[in-house]
1. Given the residues Thr80, Thr65, Thr97, which is the only one that is modelled with pLDDT of 90 or more, among the hydroxyl-bearing types (Ser, Thr, Tyr) and within 30 Å of Glu266 (Cα to Cα)?
2. Looking at the structure I just gave you, is Ile81 hydrophobic (A, V, I, L, M, F, W, C) and touching a Gly at 6+ places or on another chain (Cβ under 6 Å)?
3. Which pairs do you get when a residue that is within 11 Å of Ala66 (Cα to Cα) and touching a residue at least 60 places away in the same chain (Cβ under 8 Å), found in region 143-155, comes within reach of a residue that is part of a loop (DSSP other than H, G, I, E, B) and of a type in the set (Asp, Glu), reach meaning Cβ atoms under 8 angstrom, with the pair 6+ apart or on two chains?
4. Is it the case that some residue within region 93-103 is of a type outside the set (A, V, I, L, M) and closer than 16 Å to Leu153 by Cα?
5. Any idea which residue in region 229-268 is farthest from Leu147 (Cα to Cα), counting only those that are touching a residue at least 40 places away in the same chain (Cβ under 8 Å) and of a type in the set (Val, Ile, Thr)?
6. In region 259-275, is there at least one residue being in contact with a strand residue (DSSP E or B) (Cβ under 8 Å, 6 or more places away or on another chain), over 17 Å from Ser195 (Cβ atoms) and crowded, with 16+ Cβ neighbours inside 10 Å?
7. Quick check, is Leu108 surrounded by 18 or more Cβ atoms within 10 Å (Cβ to Cβ) and not acidic (Asp, Glu)?
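The values are calculated or read from the model by the stated rules, or taken from the named source; none is laboratory data. Just so it is clear, the structure is predicted and the values come from calculations on it, not from any experiment. All Cβ positions, glycine included, derive from the backbone under ideal geometry; neighbour counts span all protein chains shown.
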Amino acid sequence: MNTNIYKTYLDKASLDHKLLFNGSIKTLGYILKTNKEYFSKKPYQLLGINPSTKIEKGKKINVNTAILYLAPDTTVTNKTICPNASRNGCSKDCLATSGRLGMINGQLAQIRRTLYYLYHNEAFMIQLQNEIDKYHKKYGDSLAVRLNGTSDLNWSTLIAKNPGIQFYDYSKLRNMIVKNKNKNHHYTFSGSMYSDYSRKELTKAVDAGLNIALAFNTKGTKKDTLRIPKKLFNKKLIDFDITDVRFKDKKGSIGYLKRKGSNVNERLIDNKKVNNFFITESNIKELI
């Protein structure tokens with residue numbers, strides 16, 4: 001147990017910051033206090049290899065993905081690690097609250113990684129590089145790394161130091177995508193219909209020929225009323241749920257993702273909303 005790690009969090013973190021934890025609102029200070037031993041240790045690992053069903057599908061095409069999951073947006077800090085999250089309306093339905101990530105162990109792990117990133121950044125970056133090296137040694141050219149599993153940070157410096165490794169991410173930061181100079185870093189723009197700002201960014205992304213992912217408010221069940229069209233923006237839509245391996249997509253591809261972590265009643269209610277992160281029955285008319 002490293003008491004210096006824990007003390008740094010007590011000294012520097014926003015202990016009165018409130019977050020949804022294990023089904024109820026808690027302060028960060030309370031979570032640290034009740035899990036002192038856990039937060040007195042550095043993260044056991046930062047990257048997970050093929051950690052979800054969708055990510056694991058890449059193995060069928062000889063891609064093994066190492067992915068970093070941090071606590072998204074303003075979960076543990078007043079300063080977001082997902083710029084544009086509020087203007088895209090994606091915080092509420094972030095993947096960090098679904099599946100294994102939504103379980104208490106998953107939440108604790110995300111919080112610990114994020115605190116380590118924020119307040120022990122030098123040690124974090126060294127560990128991250130060591131893990132990338134370890135996985136590259138094990139998987140070779142089949143390795144792909146996705147650093148923004150639940151964040152939207154600029155990792156360009158680290159990626160530039162690893163030119164022989166394929167990185168990829170989804171991002172809502174169109175300018176960061178456009179300015180990306182790392183040929184080994186593939187971006188897919190994540191579109192949203194939440195606000196006037198996000199709509200304009202989506203239009204600009206389409207006009208620029210960026211690869212784009214659109215999340216639809218459906219799971220494709222019999223009770224779901226939203227139908228995913230075959231085409232949008234005069235392009236055939238690709239099923240992005242088949243794999244997560246976006247860097248294999250053709251330039252300018254536009255694909256769809258079905259909504260995760262929801263029930264049919266929630267989806268039917270959201271279909272009546274025009275301003276929503278998801279493509280709904282009420283806003284899809286603007287795109288067709």
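1. Thr80
2. Criteria not met by Ile81.
3. The qualifying pairs are Arg146/Asp244.
4. Taking every residue of region 93-103 in turn, at least one turns out to be of a type outside the set (A, V, I, L, M) and closer than 16 Å to Leu153 by Cα.
5. For region 229-268, the residue satisfying everything is Val264.
6. Scanning region 259-275 turns up at least one residue that is in contact with a strand residue (DSSP E or B) (Cβ under 8 Å, 6 or more places away or on another chain), over 17 Å from Ser195 (Cβ atoms) and crowded, with 16+ Cβ neighbours inside 10 Å.
7. Answer is no for this residue.
Results for (1) closer than 27 Å to Val264 by Cα; (2) touching a strand residue (DSSP E or B) at 6+ places or on another chain (Cβ under 6 Å), shown as yes or no for each residue.
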site	(1), (2)
Lys181	no, no
Ser192	yes, no
Glu201	no, no
Ala205	no, yes
Gly209	no, no
